[in-house]
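Here the structure is laid out as structure tokens; the discussion comes afterwards.
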Amino acid sequence: MDYAGFLNYLHDQGTQPARGQRSLIRFIRPEAYQACLRELNKWKSLSEPLQQIRTSTLLHAFICPFTIKQVPDRYGKGIIIEKDVRIHMHAVAATGKENTPSIPWGVRHIHAPEVWSVSTGHQIRIGVIDTGADFSHPDLRHSMGRGINLLNRNLMPHDDNGHGTHIAGTIAAAGGSDGIIGVAPRAAILPVKAFDHNGSAYVSDIILGIDWCVRNQVDIINMSFGMRSKSKSLLNVVNKALQAGIVIVASAGNDTKSRSVDYPARYTQTISVGATDRNRRIASFSNRGAHVDIYAPGEKIYSAWLGGKHKEMNGTSMATSHVSGAIALLLAHRPGISPAEIKQLLRRSARPLAGAGKSLSRGGTAPAEVHALRLLRRGSK
């Protein structure tokens, strides 16, 4: 392949008046990616469009902030081009009066406090791919690692939306008398800021976030977001993270669908999470059905918010953070357990839902809710 000619083609595409859709370019052969990357590094300083290309070593891909049209045959045989589409958070603000419990109802509901004498999630590293986190929040100061800001690598991953802070709080808040306690209060949150202040990101940002999590050896990736279209590139990088031994927890979506969930939760490589209410029923907004692995509290979930505050939120996003916290408790108690074993233990230890009927979740099991105490007991056998 003529790598210099291919990069010149990319330069020309990047100088078009209407840039339009962002693009992912995946190299089929790793050695071709490495060769083209070396050439890119030589020519970057001479081309403004080439300077804007980001790369994923894990995926062997270039990420271009401009449209790549039909690639000439002399370049296109060894590459796969995919549109870089938008992806969104799975949460909305709850209506009604906020409460102020030190242990929120969802944390109690999954019986996490009964586990803390055995495990608090100590030293388990959780990559939260989200809007960042409020590093100064009193409930999170002792739970935060440095993380990364993929939108501006010169800045810390500070949260300018609130969603990421809420997720981090449910997983690992360790507040004092005026704060809250999360499911795994001694776990380490590594915020991966891939979403902007509007709660929006591109698939490429998620890919780069997973790439970073693999390189930084996290134990769990929390993905409280989704999209309706599939992405081969996203599936590819999720597979690579799973092969690295990382547990991937993803929210099912808030569209009240009974036979479908959003991607990446729909991939069998993830643990797909739906939401329940206080009565152990599937929340009205939650997607449900055969593509969901497990359910968890997701309605009126009280957690950390920007400016040292707290807020109630609804969503399968919130449910996912409960499951990530429960897995952290298990991993701290039983290090080295594989993602496949964890998924099986979640199902076997879960508590049946109220009024779930005859529908089945993924794996042919009845719809059930995560139960941290039973999970650890099963994991100890």
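Quick rundown of the values:
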read-out: Gap separating the Cα centres of region 53-96 and region 240-290, nearest whole Å; value: 23 Å
read-out: Overall form of region 195-241 per C-alpha gyration tensor (a/c, 1.5; a/b vs b/c); value: oblate
read-out: Estimated translational D of region 160-243 in µm²/s (Stokes, Kirkwood radius over Cα pairs; 10 °C; 1.306 mPa s); value: 112 µm²/s
read-out: Derived scalar couplings ³J(HN,Hα) [region 50-60; Karplus, 6.51 cos²θ - 1.76 cosθ + 1.60; whole Hz; x for Gly, Pro]; value: 5, 5, 7, 6, 9, 10, 10, 5, 5, 8, 6
read-out: Rough spin-label spacing in nm, given labels placed 7 Å along Cα→Cβ, for Asp2 and Arg228; value: 4.3 nm
read-out: The chain - charge dipole about Cα centre, Lys and Arg +1 at Cβ, Asp and Glu -1, debye rounded to 20; value: 1080 debye
read-out: Charge sum, other residues only, whose C-beta stays under 13 Å from His137's C-beta, Lys/Arg counted +1 and Asp/Glu -1; value: -1
read-out: Orientation-averaged projected area, Cα convex hull of region 247-295 (nm²); value: 3.0 nm²
read-out: Rounded to 5, percent antiparallel among DSSP beta bridges of the chain; value: 55 percent
read-out: Once the Cα gyration tensor of the chain is diagonalised, semi-axes √(5λ) in Å; value: 37, 21, 19
read-out: Distance between modelled label sites at Arg141 and Ala93, nm, 7 Å Cα→Cβ extension; value: 2.7 nm
read-out: Percentage of interatomic Cα-Cα distances in region 288-327 larger than 10 Å; value: 72 percent
read-out: Region 150-167 - phi-based ³J(HN,Hα) in whole Hz, Karplus 6.51/-1.76/1.60, Gly and Pro as x; value: 7, 7, 7, 5, 7, 10, 5, x, 6, 7, 10, 10, x, 4, x, 5, 4, 4
read-out: Taking Glu312, Glu369 and counting other C-beta atoms within 10 Å, the order from fewest to most; value: Glu312, Glu369
read-out: Sites Gln34 and Thr365 - FRET efficiency at Förster radius 35 Å, r taken between beta-carbons, to 0.05; value: 0.20
read-out: Chain lengthening between Asp178 and Trp105 when straightened (0.36 nm per residue, less Cα-Cα); value: 24.7 nm
read-out: FRET efficiency for Ser380 and His11, using Cβ-Cβ distance with R0 set to 51 Å, rounded to 0.05; value: 0.30
read-out: At R0 = 22 Å, FRET efficiency that the Cβ-Cβ distance of Ser200 and Leu155 yields, to 0.05; value: 0.75
read-out: Between 0 and 90°, nearest 10: helix 203-215 axis offset from the chain longest Cα axis; value: 70 degrees
read-out: From phi via Karplus (6.51, -1.76, 1.60), per-residue ³J(HN,Hα) for region 360-365 in Hz, x at Gly/Pro; value: 10, 9, 4, x, x, 9
read-out: The chain, helix-only ellipticity at 222 nm - DSSP H runs n ≥ 4, -39,500 (n - 2.57), divided by all residues, nearest 500; value: -8500 deg cm²/dmol
read-out: Restricting region 81-149 to GluC sites (Glu not before Pro) in coil, as DSSP defines it, with at most 16 other Cβ within 10 Å; value: Glu98, Glu114
read-out: Filtered trypsin sites (Lys or Arg not before Pro), region 1-101: DSSP coil and at most 13 other beta carbons within 10 Å; value: Lys69, Lys77, Lys97
read-out: log10 of Debye I(q)/I(0), alpha-carbon scatterers only, for region 8-96 at 0.26 Å⁻¹; value: -1.54
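Computed from the coordinates by the stated procedures, all read-outs in this text should not be read as laboratory data. Because the structure is a prediction, the values reported are computed rather than measured. No Cβ is skipped: glycine too gets one built from the backbone with ideal geometry, and neighbour counts run over all protein chains shown.
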